[in-house]
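A short worksheet on the structure shown next.
The values are calculated or read from the model by the stated rules, or taken from the named source; none is laboratory data. Just so it is clear, the model here is predicted, and its values are computed rather than measured. Cβ atoms come from the backbone with ideal geometry, glycine included; neighbour counts cover every protein chain shown.
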Amino acid sequence: MLGRLVVVVHTDRADHTRIISARHATQHERRDYEERRDGDVNMRAEYDFSRGVRGKYAARYARGTNIRALDPDVAAAFPDSESVNNALRKTMPKATPKNHRKPSRSKI
């Protein structure tokens with residue numbers, strides 16, 4: 001791919017970088033890159049965060065997430081999220097806690 005511009009979407013993990021996707025840059029992306037390559041690499045002028053509040057929604061986001069990280073050896077044992085959930089459900093007690101009841105069906 002020598003001489004070609006590639007757009008890469010990735011996420012950084014604690015011990016590695018995960019590539020989500022990679023593709024050739026569009027003509028518009030290539031033009032933007034060429035214009036900014038030797039110039040200012042700061043945020044574009046149209047992005048105005050002067051009235052932004054850092055961390056405004058951080059607490060709300062943290063309360064609403066239920067993501068749990070699996071150790072690499074555990075994650076390797078499961079092909080997908082569904083299989084992890086099925087395995088965990090088998091270890092759960094049969095009784096459903098009161099605050100996790102399934103919604104009742106209303107008869108119309």
Could you please give the count of residues in the stretch 66-91 that are part of a loop (DSSP other than H, G, I, E, B) and surrounded by fewer than 10 Cβ atoms within 10 Å (Cβ to Cβ)?
7
Evaluate the following for residue 57: is it loosely packed, with under 10 Cβ neighbours inside 10 Å, out of contact with any Cys (no Cβ under 7 Å at 6 or more places or on another chain), modelled with pLDDT of 80 or more and of a type in the set (Phe, Trp, Tyr)?
yes
Contacts under 6 angstrom Cβ, first residue in the stretch 1-28 being farther than 20 Å from residue 68 by Cα, partner of a type in the set (Gly, Ala, Ser), 6 or more apart
5/25; 6/22; 7/25; 8/22; 9/21
Scope the stretch 30-54; condition modelled with pLDDT under 80 and aromatic (Phe, Trp, Tyr); matching residues
47, 49
